[in-house]
Structures are given as C-alpha cells and as structure tokens.
1. Is one or more of the residues making up the range 55-78 out of contact with any Lys or Arg (no Cβ under 8 Å at 6 or more places or on another chain) and closer than 21 Å to residue 111 by Cα?
2. Examine the range 101-114 for a residue that is within 21 Å of residue 12 (Cβ to Cβ) and open to solvent by 70 Å² or more (accessible area, probe 1.4 Å), and state whether such a residue exists.
3. Take the range 79-92 and flag every residue that is in a strand (DSSP E or B) and without any contact (Cβ under 8 Å) to a residue 12 or more places away in the chain.
4. Scan the range 1-54 for residues that are out of contact with any Phe, Trp or Tyr (no Cβ under 8 Å at 6 or more places or on another chain), among the aromatic types (Phe, Trp, Tyr) and surrounded by 14 or more Cβ atoms within 10 Å (Cβ to Cβ) and jot them down.
5. Report whether or not residue 131 is within 26 Å of residue 11 (Cβ to Cβ), open to solvent by 90 Å² or more (accessible area, probe 1.4 Å) and either part of a strand (DSSP E or B) or in contact (Cβ under 8 Å) with a residue 40 or more places away in the chain (or both).
6. Go through the range 134-169 and give me each residue that's charged (D, E, K, R), open to solvent by less than 70 Å² (accessible area, probe 1.4 Å) and more than 25 Å from residue 23 (Cα to Cα).
7. Which members of the range 20-71 meet the condition of being charged (D, E, K, R), under 25 Å from residue 124 (Cα atoms) and not in a helix (DSSP H, G or I)?
8. Determine whether the range 93-103 contains at least one residue that is part of a helix (DSSP H, G or I) and free of Cβ contacts under 8 Å to residues at least 12 places away in the same chain.
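The values are calculated or read from the model by the stated rules, or taken from the named source; none is laboratory data. None of the values given here were measured: they were computed from a predicted structure. For neighbour counting, all protein chains shown are included, and Cβ atoms are generated from backbone atoms with ideal geometry for every residue, glycine included. These area figures cover heavy atoms from the full protein model, side chains too; ligands, DNA and RNA do not enter into them. Shrake-Rupley method; radii C 1.70, N 1.55, O 1.52, S 1.80 Å.
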Amino acid sequence: MSPEVKAYDDRMQKTIDVVKSNFAAVRAGRANAGVLDRISVEYYGTPTPLNQVAAISSPDPRSLMIQPWDASLLKAIEKAVQTSDLGINPQNDGKVIRLAFPQLTEERRRDLTKQVRKYGEEGKVALRNIRRDAMEDFKKQTKKSEMTEDDQKKLEKELQELTDKRCKEVDDLTAKKEQELMAV
C-alpha cells in the first residue's frame, strides 16, 4: 500500500471501529455492559461516562447490575438510564440499580435490524466521504505538479479497491449483527 493511501486507510479503519461500537450498543436480547457505554451521568457538574462512576456487572444473562461508587449518584444514574434510548426501566433498591432485559419481540428485533442497517449505511457513507477527500487531494497534487497523472490514476485505483474492501467489511459486520439479532 502506498504511503499516500495508507493515511486514508487509517481513517477508514477508525470509521469501521465506530461502526463496531455502534453495533455493540445495540442489544441482542442478552445483557451486555456495552449498551451502557453511551450513557453519561452528571457528576459534580460534569457529564461523566457511567462506567467511570460505577461498577457494572452481569449477575445473569438477562440482567445488569450498576453499583455506583458514590451512593449519591443512584438517582442521577437511574434518570440517565430512563432518558436513554435503551427502553429499559431501571429498578433502584437504594444500593444498586438493576436492569432487566426482556426477551426481544419479533417487532423489536425488526426495529433493531433497521437501526443496524442505518448504522452500516452511515459507516459506508463515511468511507465514501474519505475516498472523496482523498480523490480531491490527489487531483490538487496533480494540478500543482506534485504528482503525475499516471500516479494519480494508480493511487485512485488503489484507493477505490481499499474503499470497496472496507465497504464489504461493513456489509459483513452488518449481516453478522442482523443474524445475531434475528436468532431466537
């Protein structure tokens, strides 16, 4: 891989990582602490990620337990979970917060599948935007006579192959996540 394309490959890899983290946040019927990664809690006036103010454990496959290190945070954590897009009502017993994950209905599975497809499409759009930026950069270099037209064509071909490969990777991740969601 040429050094010019390598920089864009790194950006594309970061995009794939974002897509993976988006997929991890979509729950697939069993309790996964990853669904709480996007939830922030007001802690001394600063929004702080939930996993930095509490211990998160999974006592059984269908539930999560959130135990804050500072007991005064219980109400704030409970409110943050309620206002999130998880769709789960937290149970506060005064010491810990429990989240019970119900079995996914067929309709909810279809909704989550649509959400996964949307994340996958957003990832592919981001990859294409990176490709577009690279193509513009190569054209500017050719215009300034920093690169020959033959080199530009070669780099554009290499970049297109890389983009196709990364888009296929996103499609594969999307298909795998959809299969995981639809499995009963």
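1. Looking through the range 55-78, none of the residues is out of contact with any Lys or Arg (no Cβ under 8 Å at 6 or more places or on another chain) and closer than 21 Å to residue 111 by Cα.
2. No: the range 101-114 contains no residue that is within 21 Å of residue 12 (Cβ to Cβ) and open to solvent by 70 Å² or more (accessible area, probe 1.4 Å).
3. 91
4. 8, 43
5. No, not satisfied.
6. 137, 151, 156, 158, listed by residue number.
7. Listed by number, the residues that qualify are 27, 37, 38.
8. No, the range 93-103 has no match at all.
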